[in-house]
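Student: Got a structure for you, written out below as structure tokens; questions coming shortly.
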Amino acid sequence: MLTYLAHAEGSVSSSIIIDGSEIGTNPQDVIPVLHRIHADLDDSQHPHGLISKFVVIRPSSHPMYDLSYWFFQLVPGNPVSFDYEGSCGHSILAAIQVAMKWGWVASASPGLRVRVYIENVGDSLVCEVDHAVRSGMNCTAHFIENQGTSLGSLLPTGQVTNQLTTSFGEIEVSIVSSGNSYVFVQADSLGIRSEEALFEAGDGALAQLQEIRRAAALLIGLNPEGVFPKIAVVGSYQQGSLSFRAISVPSWHPTIALTGAACVGAAASIKGSVVYRIVQASKSSTYRLPVRTKGGSTLISTSTTGSELNDYLLYNSISDKNVRLIGSLPLKKGAAREWELQSKVFA
């Protein structure tokens, strides 16, 4: 079985890419394999620490796509578990880079487009290469919506905003599903009044967001102890930009997930949503919306037919993403010999 390790800049974890050609297509067939791989990992050998993203790819049998992709998020615990209710844009780009290494798709060159079908959520991503080097690439990720995807269909509760009951009061949120499901909370509602306070918020705000996220998960029928929906705090402290901070596994995300960026773009286009109101008040535009995070800035371009619930979302694009190959998995001494193939192939 082929495996490889790759990293997309801005991700909280590198991604383990697994050749799915010898594994069943049901996620329950995959999870025992993931447990065996995880048990053999030595995270101390990896400079980015815990590896929490596991990806299974296959060459696509569909004429519109190059790759079929399944994402599995490791959930720490004893034992660990894997959540496959959502996807990860950074790991999709990492998987594309590995597929190039394996010869499944053409090598990276400017202008090349690789099309991926995301099995977890039924979405599509097109990776457009902007610059290529021997061990990596710089690219733009385009999240392409299915034809006829209305803005209203992106609201799991059918409501633009919802009031969630928490131990610290009623909190207004917008729950939007595009790329992944996200719960958006206005920073003011948590007493966060500045960008510095947002980016330096600690365990207290983290615990509040986890409680809000669990309440939202119950509302939309997901496991409150899983990792989906994601949750983010948003505000605007500079005209023309949005400030953003989200939770990942196991703590604060250092920047913004690609699926988070796609969901921000969608939410900013839905009239009345928490994100829409902030963007409008800051006089921002959903065309090349600057999103500021603690770890840097990201530009999001969103195309819709309008901002009403019966308008359509066409695509979201996030540019200037860097991906690099790392190599074979960091295995414990004496780990199962079946994973040695991945070292021999790439020696």
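Student: What about Phe82, is it open to solvent by 10 Å² or more (accessible area, probe 1.4 Å), of a type outside the set (A, V, I, L, M), in contact with a helix residue (DSSP H, G or I) (Cβ under 7 Å, 6 or more places away or on another chain) and under 21 Å from Ser21 (Cα atoms)? Step through it out loud before you land on a result.
Tutor: On the way: open to solvent by 10 Å² or more (accessible area, probe 1.4 Å): yes; of a type outside the set (A, V, I, L, M): yes; in contact with a helix residue (DSSP H, G or I) (Cβ under 7 Å, 6 or more places away or on another chain): yes; under 21 Å from Ser21 (Cα atoms): yes.
So Phe82 fits the description; yes.
Student: When Pro32 is evaluated against the numbered criteria (1) open to solvent by 10 Å² or more (accessible area, probe 1.4 Å); (2) in contact with a strand residue (DSSP E or B) (Cβ under 7 Å, 6 or more places away or on another chain); (3) part of a helix (DSSP H, G or I); (4) at pLDDT 95 or above, which criterion, by number, is the only one it fails?
Tutor: (2)
Student: I need every pair where a residue in segment 61-77 that is open to solvent by 20 Å² or more (accessible area, probe 1.4 Å) has its Cβ under 9 Å from the Cβ of a residue that is among the basic types (Lys, Arg) and modelled with pLDDT of 95 or more, sequence separation at least 6 or different chains.
Tutor: Met64/Arg115; Tyr65/Arg115; Asp66/Arg113; Asp66/Arg115; Trp70/Arg58
Student: Please go through segment 118-128 and give me each residue that is surrounded by fewer than 18 Cβ atoms within 10 Å (Cβ to Cβ) and touching a His at 6+ places or on another chain (Cβ under 8 Å), ordered by number.
Tutor: The one that is surrounded by fewer than 18 Cβ atoms within 10 Å (Cβ to Cβ) and touching a His at 6+ places or on another chain (Cβ under 8 Å): Glu128.
Student: Further question: When segment 78-95 is examined, which residues are found to be of a type outside the set (Phe, Trp, Tyr), touching a residue at least 40 places away in the same chain (Cβ under 8 Å) and either closer than 19 Å to Gln28 by Cα or part of a loop (DSSP other than H, G, I, E, B) (or both)? It would help to see each step written out before you state the result.
Tutor: So the first thing to find is which residues in segment 78-95 are of a type outside the set (Phe, Trp, Tyr), and the list is 78-81, 83, 85-95.
If we keep only those that are touching a residue at least 40 places away in the same chain (Cβ under 8 Å) as well, we get 79-80, 83, 85-95.
Hits for segment 78-95 are Pro79, Val80, Asp83, Glu85, Gly86, Ser87, Cys88.
Student: Scanning for something more than 22 Å from Val116 (Cα to Cα) and either open to solvent by 60 Å² or more (accessible area, probe 1.4 Å) or not β-branched (Val, Ile, Thr) (or both), does segment 1-22 turn up at least one residue? Let's see the steps before the verdict.
Tutor: In the first step, residues of segment 1-22 are kept if they are more than 22 Å from Val116 (Cα to Cα); the result is none.
No, the conditions are met nowhere in segment 1-22.
Student: Separate question: Going by the structure shown, is Ser135 modelled with pLDDT under 95, open to solvent by 10 Å² or more (accessible area, probe 1.4 Å), more than 26 Å from Thr149 (Cβ to Cβ) and of a type in the set (Gly, Ala, Ser)? Before you say what the answer is, go through the steps one by one.
Tutor: Details: modelled with pLDDT under 95: yes; open to solvent by 10 Å² or more (accessible area, probe 1.4 Å): yes; more than 26 Å from Thr149 (Cβ to Cβ): yes; of a type in the set (Gly, Ala, Ser): yes.
Against the criterion (modelled with pLDDT under 95, open to solvent by 10 Å² or more (accessible area, probe 1.4 Å), more than 26 Å from Thr149 (Cβ to Cβ) and of a type in the set (Gly, Ala, Ser)), Ser135 qualifies.
Student: Would you be able to say whether some residue in segment 91-109 is open to solvent by 10 Å² or more (accessible area, probe 1.4 Å) and closer than 20 Å to Asn180 by Cβ?
Tutor: No, that holds for no residue.
Student: Output the residues belonging to segment 242-273 that are assigned to a loop (DSSP other than H, G, I, E, B), over 14 Å from Ile175 (Cα atoms) and either open to solvent by 10 Å² or more (accessible area, probe 1.4 Å) or charged (D, E, K, R) (or both). Walk me through it before giving the result.
Tutor: Initial filter on segment 242-273 (assigned to a loop (DSSP other than H, G, I, E, B)): 248-251, 253-257, 268-273.
This time we only want the ones that are over 14 Å from Ile175 (Cα atoms), so: 248-251, 253-257.
Result: Ser248, Val249, Pro250, Ser251, His253, Pro254, Thr255, Ala257.
Student: Do any residues in segment 139-157 that are without any contact (Cβ under 8 Å) to a residue 24 or more places away in the chain have Cβ atoms under 9 Å from those of residues that are of a type in the set (Phe, Trp, Tyr) and open to solvent by 30 Å² or more (accessible area, probe 1.4 Å), where the two are at least six apart or on different chains, and which pairs are they?
Tutor: Note: pairs meeting the criteria are Gln147/Tyr312.
Student: If you don't mind, there's one more thing I want to ask. Does any residue of segment 189-196 turn out to be of a type outside the set (Gly, Ala, Ser), farther than 24 Å from Phe82 by Cβ and not in a helix (DSSP H, G or I)? Steps first, please.
Tutor: Initially, segment 189-196 is screened for residues of a type outside the set (Gly, Ala, Ser), giving 190, 192-193, 195-196.
If we keep only those that are farther than 24 Å from Phe82 by Cβ too, we end up with 190, 192-193, 195-196.
Adding the requirement that they be not in a helix (DSSP H, G or I) leaves 192-193.
Looking through segment 189-196, at least one residue is of a type outside the set (Gly, Ala, Ser), farther than 24 Å from Phe82 by Cβ and not in a helix (DSSP H, G or I).
The values are calculated or read from the model by the stated rules, or taken from the named source; none is laboratory data. Treat the numbers as computed from the prediction; the structure is a model and nothing was measured. Virtual Cβ from ideal backbone geometry, glycine too; neighbours counted across all protein chains shown. Surface accessibility is based on the protein's heavy atoms, side chains included, excluding ligands, DNA and RNA. Shrake-Rupley method; radii C 1.70, N 1.55, O 1.52, S 1.80 Å.
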